[in-house]
1. Within a Cβ distance under 11 Å of GLY142, other residues only, what is the Lys/Arg minus Asp/Glu net charge?
2. Excluding residues fewer than 8 places away in the same chain, name every one of the lysines whose C-alpha is closer than 24 Å to that of LYS65.
3. Within a Cβ distance under 12 Å of GLU78, other residues only, what is the Lys/Arg minus Asp/Glu net charge?
4. Considering only DSSP states other than H, G, I, E and B, which chymotrypsin sites (Phe, Trp or Tyr not before Pro) in region 90-165 qualify as loop sites with at most 16 other Cβ atoms within 10 Å?
5. Please say if region 20-164 is rounded, prolate or oblate, where rounded means a/c under 1.5 for a ≥ b ≥ c the square roots of the C-alpha gyration tensor eigenvalues, and otherwise the choice is prolate for a/b larger than b/c and oblate otherwise?
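Derivation of every value follows stated rules applied to the coordinates shown; laboratory data play no part. These numbers were taken from a predicted model, which means no experiment stands behind them. Reconstructed Cβ throughout: ideal geometry from the backbone, glycine too, with neighbour counts over all protein chains shown.
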Amino acid sequence: MQFRILSFLVLSILFFQSARCQHYDFAAGVRIGLSYGINGKLFLKTNQAVQSRGAIEGIVSFRHKGIMGSLLYEYHFEVFDTEGMYLYCGGGMHAGMLNSDEVPWETDHTGKKPYAGLDGIIGLEYAFSDIPVSVGLDWKPGFNIISDFNLIIDDIALSVRITFG
């Protein structure tokens with residue numbers, strides 16, 4: 001039932017939205033990988049000096065029987081002389097609660113614990129020009145500072161977003 005409602009909403013948005021160019025102002029969608037969830041990206045401005053666009057991306061993801069939120073600042077650069085194709089990179093932070101019994105790197109398995117740290121991100125995104133959709137593949141390594149010092153290098157995900165503006 002929920003899948004039908006979500007499908008109806010997505011198709012309605014696609015039908016009623018006008019065609020988009022490669023640049024958009026805001027996008028929201030899903031992130032699929034070892035950690036899965038939802039994300040949104042808001043572009044701030046275009047930097048003409050380096051031909052990049054700055055964006056803030058928020059991610060809410062689920063993994064290890066917990067929830068994690070990430071806030072990232074990203075630079076987007078057009079690549080491959082392809083309109084709508086962007087390479088992006090940036091960084092930010094994450095915080096959330098995970099079940100330490102499910103976390104493989106955790107040394108102290110004591111149930112739900114807070115985790116927080118720093119993230120990097122690098123990815124490739126394509127924003128379609130004829131439909132309001134963007135598709136991206138990224139790698140988001142992280143470093144936990146709170147609860148257990150460790151490096152997280154397996155966060156690779158595919159994002160599919162509906163674009164606005």
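1. Combined, the nearby Lys, Arg, Asp and Glu give -2.
2. In chain and number order, the partners are LYS112, LYS113, LYS140.
3. Value of the local net charge: -2.
4. TRP105, PHE128, PHE149
5. Verdict is prolate for region 20-164.
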